[in-house]
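The block underneath contains the structure these notes are about, expressed in structure tokens.
The values are calculated or read from the model by the stated rules, or taken from the named source; none is laboratory data. Fair warning: this is a prediction, and the values are worked out from it, not measured in the lab. Glycine also receives a Cβ, built like all others from the backbone with ideal geometry; neighbour counts cover every protein chain displayed. Ligands, DNA and RNA are excluded from the accessible area calculation, which covers all protein heavy atoms including side chains. Shrake-Rupley method; radii C 1.70, N 1.55, O 1.52, S 1.80 Å.
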Amino acid sequence: MNNVTKNSILQTVEQKFRLGEVVLVIFEAYQIVGVEHQNRLLAIVKSGNSSALFAFNVSNYPPVNLSDLHIESVIPINETFLIDCSSGFGISSYQFIIISGNEQTLYYYYPDPEIFRSKEVFERTLKKLIQEYSEEKHGDFQWLEAYKSSDLTDIDLNIALNKFPPKNRESKFREELERRKPEYTIHEPYKIYCGTWNVNLNAPGEDLSLREWLATTEDAPDIYAIGLQEIDMSPETILRGEIRPDYNWIAKIMEGLHPADQYEELLTVRLVGMMLTIVIKKSLRGSISKCCSSMVGTGTLKFGNKGGVGISFQINETFMCFVNSHLAAHVQEFERRNEDHDEILRRMSFNDGFKSRNILEHHQIFWIGDLNYRLTKTDDEGIRTFCDYEKIFYLDQLYIQRVQEKRVFRDFQEGKINFRPTYKYDPGTDDWDSSEKNRAPAWCDRIFWKGARIEQIAYESVMQLRMSDHKPVYGVFIAYILTRDEAKFKKVHEEVLKTVDKYENDNQPQITVAETDIDFGMIRFHEHYSRELLVANNCHLPVDFEFISKDDSSNGVCEDWINISHLKGELITGNSLSIRIDIFIDEKAASKIIRRLRDSTPGEKVPLDILVLHVKNGRDVFITIFGEYQPSVFGLRLGTLMKLQKPLIEYTLQELVSIDDDVNNTIPYHKDAKAPREIWLLTDYLYRNGLLIPHLFTVQRKHKLSPRICAIRDWLDEWSTEPFPGTPQTAGEALLKILEALPEPLVTITEHNLSIYASYFDKCRELVVNKMSLLNRKIFLYILMFLKEIQKNYANNGMDDRTIVKVFSHPMCRHQNDQHCQRFLLQFLANDFKEFAKNEFAKQ
Amino acid sequence: MAKKTYDLLFKLLLIGDSGVGKTCILFRFSDDAFTSTFISTIGIDFKIKTVELRGKKIKLQIWDTAGQERFHTITTSYYRGAMGIMLVYDITNEKSFENIVKWLRNIDEHANEDVERMILGNKCDMTDKRVVNKERGEAIAREYGIRFMETSAKANINIEKAFCELAEAILDKTADNDNNPENQSIVVDRKAQDNSSVYKGCCA
């Protein structure tokens, strides 16, 4: 960001906030989401006595309009806020971590190492605010509500655009509980005692008492963290990388605790010479969870003669970590000590079985041990006799590395040292090393801490314990630990459940449908009808819709004469879609729609079908398709056609159904007719105009969708006296369609029978007589006689037997396997059946 | 470690004639609100609400169905999987009461055999327009051996109680299915509840 852009971005960001809310710093970073790098704009905003870090998702860079910025996270800068900027650790040296509360850990990355200066400003500002908060110990975060609750009602663009799924119920629940933590938590003071001692390979003797070290405070500490170094450095121990705790020392520690309370060992971790034991008041057992340990060996071959051991646990709502380390020795080796420090920080990882966290991912950290940093002016005899520690403290390598160079223990604190250097003494005395090596005194043994709400109340060494060449050191702290108030928690918990219920109810994707009733008006055979169904996504979530089956038994989502342009689809917020619904009543559908509407009352708007529009994870909408149907000759039974006394158009659908249903033949046929009027008209027209026409019928049925079919339909239905409106080809097609539209096929002989007998003409004739009704038989023979006429004119029309049977077999028989039916029809074309037909026609 | 926000999930269904107030009952229960504008439900809606019964958090997923006649065959396909069904009629609408028998038959045909049922006579605040007296509601409930309550979504009468009682009945059944001797006392409890219309539930 150059300054010009930065200023204009700042102005845009400022517009997001209200009067009195000051944007202190903006900082560009990114996050890795999956494999994608996503821009994040971080803003530190202060209002009154509290401040917060806002993370914006930038949809358009550089952001110019308010809508380019979407609040992704709002993190109050309070006691749970942690930022770890220690570059050089983590998976990327550009990574930094923001921790808020117990669950939320956000990983951000600096976009560019070049922006060092703005990074400095960013970090410095945050740290200052953290400091301010921890000093005031109070902040009113009410102003954040306006931004935080926004995700309940406002559109979250990432979710709306289907980039991220909405939060699930569980994570929303956790988030809400976390957000309302201040309402049900209080800070309770705990007394923490940290002790470190390099015991110089001594085993604890019978007469050794640690009371002088461990029981020096007035009140009993709540938690002890005792770190020992050099409990055993034998070659075997080193080679084995000993990790079994030394129970002699643990027993000695337990004996030496403050007598005013009951204690129990929580956990001990050992690596070779280093051992860390955490002891807690028995009454605290229930408050501690997720306890686990970790160890890091450093130095030559990483055997663990140097390194660190650590223990992590959660106490109430606070994550605590204790580290005991023994760093590289020798005056000149401070850089190796620095490296050991780095390595422990990088490699130490605590896994509670669900989650791993490193040292810095804790709210309160205590780092103790023989850190081995020396005083630089080793030749100055004066050091041995000084009494003003402050004067020589600037010679301390650790002071130089930590405070001046900012090389190690950054962000850690140490109390003021008011005790003699703890190294090196002649064992058994308080005298400085008198051996040949004549080691210079040094403050090797130290205690550091990091985290908010920690007060040190003592930092001392113990001169009376003289067994080792080191003196033990201890630090006593009052640490304020976030603790749940159970009664308040229960109340908040209940309220949060309600919020979560509401969240879940509000986060149902919903589709908006312009109309749930779609009226197609009057529908006629073989005509196309279309209606638009406008659906929109006006909710703040992506909508995944699908038309589903009405019940489990049928698979189709609608009647097969209805076609839906989009059976399923996705709509992102704000988008709409016009779904086209088509109705086309073809020959197959004609009888079905008549059946479907049989119980309707004439003139009444009837539901033709109901579509179920299902939204994934949401509600279903029923869309009713209304319409009326104008029946036609297509789709009626042969019997019905034979019984018509007036133009079909003059019958109501219900009347036609009742004639259709007249199985007992109470209504008389036109007895003298061989075939229904319509079939007769079509064949007669074809006989007179079509026999000589080449390719009158084609297997491909070229005229299947011809609009003339509708004209022919009207001509037939109206008993029109006008000239025939079609062509021979379309008349042929209409004839086929009448056959196809019959509720039952014309030829009622089974596929099985045809498969056996279709090669024998005699048998075929028998089947016709035995298996087909007289009416069907007559019509069948009537049509076949017409086909014979076509066959006769082969020379002119080019219609061979094969083509003729291929065209007619399926419309007549509707068998799965058309082959037998074709052979059956071929028998009639190949043989003379004039006499047979004459006989049948004569039957009444 | 995602801890579930509930211990049990019950699916409930609201059925009954169009306009008896199914959606209002659900709205009152889930949002504690009432709207008098009538918008016919064209489809299937659902809402969730978590209640606490006997120390258990029960997430109720309540399905609201379209009451219009033409949707009846479609809505029956949603019966399956429901653990409890509320049959709602309107005390100011005789026909809706008469149709309860039809709805009960629908349940027999389409719902799980062990579904818990409850009849609600809604709009009980509209005393001046009442055409179905409470005794008739109780009589039909007795005849079919199911629970009955008069409710008002508008005046917030018995809404929460009805859902909790239905949920509790399902909870009893769930408990019955475990052969845990601890649950025996609950069985007794349930019988006691069947015999009296006194509400013993504990919806907080």
Rounded to the nearest 20 debye, dipole of chain A from Cβ charges on Lys, Arg, Asp, Glu: 2840
message: Using only DSSP helix segments of four residues or longer, with each worth -39500 (n - 2.57), what per-residue ellipticity at 222 nm results for chain A after dividing by its residue count and rounding to 500?
response: -9000 deg cm²/dmol
query: Can you give the accessible area of A:Asp714 in Å² (nearest 10), computed on protein heavy atoms with a 1.4 Å probe?
result: 40
- request: On the full set of protein chains, 1.4 Å probe, figure out the accessible area of A:Leu257 and give it in Å² to the nearest 10.
  value: 10
query: What's the FRET efficiency of A:Phe841 with A:Glu183 using the Cβ-Cβ distance as r and R₀ = 56 Å, to the nearest 0.05?
result: 0.05
task: Treating the angle as unsigned and between 0 and 90°, give the value, to the nearest 10°, between the Cα long axis of helix A:334-347 and the longest Cα principal axis of chain A.
output: 30
Spacing of the two label points (7 Å from each Cα toward its C-beta) at A:Ala203 and A:Asp261, in nm: 3.3
- line: By the Cα gyration tensor axes a ≥ b ≥ c (a/c under 1.5 gives rounded; else a/b larger than b/c gives prolate, otherwise oblate), the shape of segment A:185-484 is rounded
query: Quick one: ranking B:Cys164, B:Cys124 by accessible area, 1.4 Å probe, largest first, what do you get?
result: B:Cys124, B:Cys164
message: List, by residue number, every residue in segment A:488-510 with a reduction of 50 Å² or greater in accessible area between the chain on its own and the complete protein assembly, 1.4 Å probe.
response: A:Leu497, A:Asp501, A:Asn505
- line: FRET efficiency (A:Arg240, A:Arg346; Cβ distance; R0 30 Å; to 0.05) is 0.75
- request: Just the ratio, please: alpha-carbon radius of gyration of segment A:497-601 over 2.2 N^0.38 Å, N its number of residues.
  value: 1.37
- prompt: Rounded, prolate or oblate: which one fits segment A:656-786, using the alpha carbon gyration tensor with axes a ≥ b ≥ c (rounded when a/c is under 1.5, else prolate when a/b beats b/c, else oblate)?
  reply: oblate
field: A:Asp661 versus A:Ser759: modelled label distance in nm, points set 7 Å from Cα along the beta carbon direction
entry: 4.7
- request: Measure nothing fancy, just the Cα-based angle from helix A:728-741's long axis to the longest principal axis of chain A, in degrees from 0 to 90, nearest 10.
  value: 70
- prompt: Hey, what do the phi angles of segment A:182-198 turn into as Karplus ³J(HN,Hα) couplings, whole Hz, using 6.51/-1.76/1.60 and θ = phi - 60°, x for Gly and Pro?
  reply: x, 6, 10, 10, 10, 9, 10, x, 10, 8, 10, 10, 10, x, 9, 8, 8
message: For a Förster distance of 35 Å, can you work out the FRET efficiency between the beta-carbons of A:Ser773 and A:Asp582, rounded to the nearest 0.05?
response: 0.45
statement: Square roots of five times the C-alpha gyration tensor eigenvalues of segment B:8-177, ordered largest first and given in whole Å, equal 22, 18, 17
message: Rounded to the nearest 5, what % of DSSP beta bridges with both residues in the protein assembly as shown are antiparallel?
response: 75
statement: Zone reached by a paramagnetic label modelled 7 Å from A:Phe626 Cα along Cα→Cβ, restricted to segment A:506-531 with backbone N below 15 Å, covers A:515-523
query: Could you give the distance between the Cα centres of segment A:488-559 and segment A:702-781, to the whole Å?
result: 45
- prompt: Against the longest principal axis of chain A, how steep is helix A:3-15, in degrees 0 to 90 to the nearest 10, with axes from Cα atoms?
  reply: 70
query: Averaged over B:45-54, how many beta carbons belonging to a partner chain fall within 10 Å of each residue's beta carbon?
result: 4
query: Taking the radius of gyration and the Kirkwood hydrodynamic radius from Cα positions alone, what is the Rg/Rh ratio for chain A, to two decimal places?
result: 1.31
message: Please list, in order, the residues from segment B:32-48 whose amide nitrogen is less than 18 Å from a point placed 7 Å along the Cα→Cβ vector of A:Asn538.
response: B:37-45
message: On a full-extension model of 0.36 nm per residue, what is the gain between A:Glu436 and A:His528, subtracting their alpha-carbon distance, rounded to one decimal in nm?
response: 22.1 nm
statement: Buried by partner chains in segment A:596-617 (accessible area down by at least 30 Å² vs chain alone, 1.4 Å probe, heavy atoms, protein only) are A:Ile610
task: Between A:Ile572 and A:Glu486, with labels modelled 7 Å along Cα→Cβ, what's the label distance in nm to one decimal, could you check?
output: 5.0
statement: Regression test value, accessible area per residue of segment A:512-630, probe 1.4 Å, units Å², expected 44
query: Computed from the mean reciprocal separation of all distinct C-alpha pairs, what Kirkwood hydrodynamic radius does segment A:255-321 have, in Å?
result: 13.3
message: Summing both sides, how much accessible area is buried between B and A? Use a 1.4 Å probe and give Å² to the nearest 100.
response: 2400
